[in-house]
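My questions all concern the structure below.
Bear in mind that the values in this text are calculations on the coordinates, not laboratory data. What you see is a predicted model; the values in this text were computed from it and never measured. When we count neighbours, we look across all protein chains shown, and the Cβ atoms used for this are built from the backbone with ideal geometry, even at glycine.
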Ligand code: PLP
């Protein structure tokens with residue numbers, strides 16, 4: 001006997017469900033100051049636009065939003081690359097898009113490992129059949145151009161991967177000479193700018209970076225969920241040559257040959273072809289975050305991150321604490337602070353969260369138990385936050 005007489009026999013629901021309805025209350029997340037390695041707190045204007053009316057992903061209104069977002073991204077990255085798009089997913093999705101589209105099986109990747117994310121590239125690229133040649137530095141170190149040049153001469157890589165800003169260590173890799181080195185050796189240069197975009201100078205065209213990805217949730221003050229990718233001429237040549245040879249990108253979702261027809265056309269009148277349903281509200285959010293950056297101006301945003309960081313480092317010194325990375329390579333957006341001898345770093349993280357609603361994080365890998373990672377990124381990069389965090393640390397340590 002059926003309870004739902006209006007259903008045809010083939011679709012009729014059962015008279016009793018086998019999985020009971022769960023009882024859940026209203027979700028009321030705590031209001032935290034997010035000063036860990038990311039995400040940081042999103043800008044209130046960014047949260048607000050997420051509530052704007054929904055349109056469809058093929059709607060001209062949405063495509064206009066995407067085009068504006070793309071031009072704002074080119075400004076943020078200082079690149080003229082026409083292929084500059086938001087990828088649906090977090091920073092790792094944009095990263096994997098770069099890897100999947102630019103790696104033929106057997107390609108050699110020279111990976112400049114100096115922290116956790118270098119390890120991730122080795123893992124990710126090897127899944128696409130890359131042969132990994134990895135250089136290693138102690139965590140917190142950076143590479144001199146001569147070291148990269150020498151490794152290229154020895155190994156003849158097809159691609160060089162580098163983290164401009166290593167979030168696991170707080171080190172900033174000098175980029176100025178790497179593009180010319182990659183070009184000289186016929187390799188593509190792929191840079192991770194997840195923790196640098198918007199917070200410190202990132203000049204992709206000037207540096208000669210061939211492919212780059214980032215995240216929205218750090219110095220751009222957007223919630224996680226959408227991430228930019230840009231491909232320069234040399235990267236596109238490689239991608240197109242593979243495609244013409246019939247070599248399929250081993251990842252359907254991130255195949256940029258197909259996404260190109262949805263998100264990249266030379267002129268706005270070209271019909272777009274559906275690939276997947278873009279995350280509409282995330283695109284609103286990301287566009288707004290990038291607009292806020294443009295309103296402030298890149299140079300002002302970089303200066304604000306620098307001033308906040310200098311102030312924070314001075315306050316840390318006054319509190320008797322020490323930074324892990326030498327001053328000249330220290331990232332303004334993410335500071336690794338040495339945990340003093342005899343202190344349980346994890347307890348301090350808990351103390352800050354429970355007593356002050358402040359999130360900071362411990363170290364990863366080689367730096368596990370040795371440092372705290374403290375971010376002053378985007379909307380959060382303000383002296384008042386630097387003071388709140390330092391005072392909370394002092395409270396925890398007394
Ligand atoms: N690269 C770096 C340097 C990062 O800091 C992160 C995230 O923290 C990622 C890549 C991965 O980004 P996501 O966690 O957004 O996937």
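Give the number of residues within the stretch 325-350 that are closer than 23 Å to residue 307 by Cβ, out of contact with any helix residue (DSSP H, G or I) (no Cβ under 7 Å at 6 or more places or on another chain) and in a loop (DSSP other than H, G, I, E, B).
Of the residues in that region, 3 qualify.
Check residue 88 against each of (1) closer than 25 Å to residue 384 by Cβ; (2) within 16 Å of the ligand (Cβ to nearest atom) and name the one condition it does not meet.
Residue 88 satisfies every listed condition except (1).
Within the stretch 181-188, does at least one residue satisfy the condition of being closer than 29 Å to residue 224 by Cα, in contact with a strand residue (DSSP E or B) (Cβ under 7 Å, 6 or more places away or on another chain), more than 14 Å from the ligand (Cβ to nearest atom) and free of Cβ contacts under 8 Å to residues at least 60 places away in the same chain?
No: zero hits.
Of 381, 333, which residue is in contact (Cβ under 8 Å) with a residue 40 or more places away in the chain and out of contact with any strand residue (DSSP E or B) (no Cβ under 8 Å at 6 or more places or on another chain)?
381
Going through the stretch 189-232 one residue at a time, which ones are in contact with a strand residue (DSSP E or B) (Cβ under 9 Å, 6 or more places away or on another chain) and surrounded by fewer than 24 Cβ atoms within 10 Å (Cβ to Cβ)?
Those that are in contact with a strand residue (DSSP E or B) (Cβ under 9 Å, 6 or more places away or on another chain) and surrounded by fewer than 24 Cβ atoms within 10 Å (Cβ to Cβ): 200, 207, 208, 225, 232.
Scan the stretch 351-368 for residues that are out of contact with any helix residue (DSSP H, G or I) (no Cβ under 8 Å at 6 or more places or on another chain), over 20 Å from residue 30 (Cα atoms) and in a helix (DSSP H, G or I) and jot them down. Show your work before the answer.
Residues of the stretch 351-368 that are out of contact with any helix residue (DSSP H, G or I) (no Cβ under 8 Å at 6 or more places or on another chain), as a first pass: 353-354, 357, 366-368.
Still in the list and also over 20 Å from residue 30 (Cα atoms): 366-368.
Passing the criteria: 366, 367.
How many residues, within the stretch 56-102, are in contact with a strand residue (DSSP E or B) (Cβ under 7 Å, 6 or more places away or on another chain) and part of a loop (DSSP other than H, G, I, E, B)?
4
Which ranges mark the helices (runs of 4 or more DSSP H) fully within the stretch 203-287 that have 3 or more residues being more than 16 Å from the ligand (Cβ to nearest atom) and in contact with a helix residue (DSSP H, G or I) (Cβ under 7 Å, 6 or more places away or on another chain)? Break it down stepwise before answering.
Details: elements: 204-207, 233-244, 256-263.
Qualifying helices (runs of 4 or more DSSP H): 233-244, 256-263.
Out of 134, 127, I need the residue that is within 16 Å of the ligand (Cβ to nearest atom) and farther than 23 Å from residue 376 by Cα. Which one?
Of the residues listed, the single one that is within 16 Å of the ligand (Cβ to nearest atom) and farther than 23 Å from residue 376 by Cα is 127.
Taking the stated definitions as given, is residue 117 within 21 Å of residue 225 (Cα to Cα), surrounded by 16 or more Cβ atoms within 10 Å (Cβ to Cβ) and away from the ligand (no atom under 16 Å from the Cβ)?
Numbers: within 21 Å of residue 225 (Cα to Cα): yes; surrounded by 16 or more Cβ atoms within 10 Å (Cβ to Cβ): yes; away from the ligand (no atom under 16 Å from the Cβ): no.
In short, no.
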